[in-house]
Every structure is written in C-alpha cells, then in structure tokens.
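Since the structure comes first, as structure tokens, the remarks are kept for the end.
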Amino acid sequence: MLLGLGRRGQYAVRLALELARRWPDERAKARDLAAATATPGPYAAHVLGDLVRAGLVLSTAGRAGGYELARPPGDISVLAVVEAAGEGAWSGACVLTGAPCTPDTPCAVHNSWSDARQAFADQLAAADFSGLLTADQPEVPS
C-alpha cells in the first residue's frame, strides 16, 4: 500500500527543513536551497512560492535577500508545509472504483482507508520542524 507524499510534498519538506537549519540567522537564495536539498532549481522556486503564499516562509528581494522561515521551526507543522505544497487535500475517490466514495456510499475499504489517511495526517500535524531538527542531529559519542 502506498500512503505517502508526492514529489512536490517531499521537496517542500526538504526545503522547509533546510530553512529551519538556517533559522533565525541566515536567509538563503533559492539556488542554494535547491543545491542543499537536491531539489531541481525551477521546482524549488515554485515550491518556495507555495510556502511564501501560505505564510510559512518570507521572501526578501535584493542582494541581501532570500528565503527564511516566517516563524520559529517549532511553530510550523509538517502538515502545514505539505498542505502548502498542495498535497494536503485527500482525494474523495474510492480506492476500488475511482468514483466518489463517502460515508453515505462507502466501499468495502472505505473505513480502513479513511482511518489510515487520518492517522497519517495526524502524525504530520504533530510533527514540527524543531522536532525534525532534533532528530536530524548526529549523535556525539561520549
């Protein structure tokens, strides 16, 4: 079973995590963020635009400009970033038929699939970029 993020959502999380690493001391150019996250340059610019429009990232023009988080990493959930990239809205299509599937017209897997999607969204909502930064740190031997 595939339950995960598409490419745009993955790039959005990568870019936001890189901005969290630099927060609050450093703005970054789109090209530098793209290189640091292995995100194709034009794609990075589009995804960063999504994050700016969602109010998660600030963009400053000019030589000293660049991108930075709009608020502390602990105040930004992974779900907010994924939704800003356009991947938060779950399809109402039935996994069996592709037609609309609702609680009023459920298919055989409707309840199980809905529960799995909700659990996935709940986990993304509970995860913030401060926590991702902590998990991203290599352990230092004692």
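The values are calculated or read from the model by the stated rules, or taken from the named source; none is laboratory data. These numbers come from a predicted model, not from an experiment. Cβ: placed from backbone, ideal geometry, glycine included. Neighbour counts: every protein chain shown. Quick note on the areas: whole protein, heavy atoms, side chains included, nothing else; ligands and nucleic acids left out. Shrake-Rupley method; radii C 1.70, N 1.55, O 1.52, S 1.80 Å.
Restricted to region 35-86, and to residues that are in a loop (DSSP other than H, G, I, E, B) and charged (D, E, K, R), which residue is nearest to the chain's Cα centre (by Cα)?
Residue satisfying both the conditions and the ranking: R71.
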Q. Between residues in region 118-134 that are among the hydrophobic types (A, V, I, L, M, F, W, C) and residues that are not in a helix (DSSP H, G or I), which pairs lie under 6 Å by C-beta distance while being six or more apart or on different chains?
A. F120/L3; A125/S77; F129/I76
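Residue-by-condition table, conditions (1) open to solvent by 50 Å² or more (accessible area, probe 1.4 Å); (2) touching a Ser or Thr at 6+ places or on another chain (Cβ under 9 Å); (3) farther than 17 Å from L17 by Cβ:
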residue: L48; (1), (2), (3): no, yes, no
residue: A54; (1), (2), (3): yes, no, no
residue: E68; (1), (2), (3): no, yes, no
residue: V81; (1), (2), (3): no, no, no
residue: S112; (1), (2), (3): yes, no, yes
residue: T134; (1), (2), (3): yes, no, no
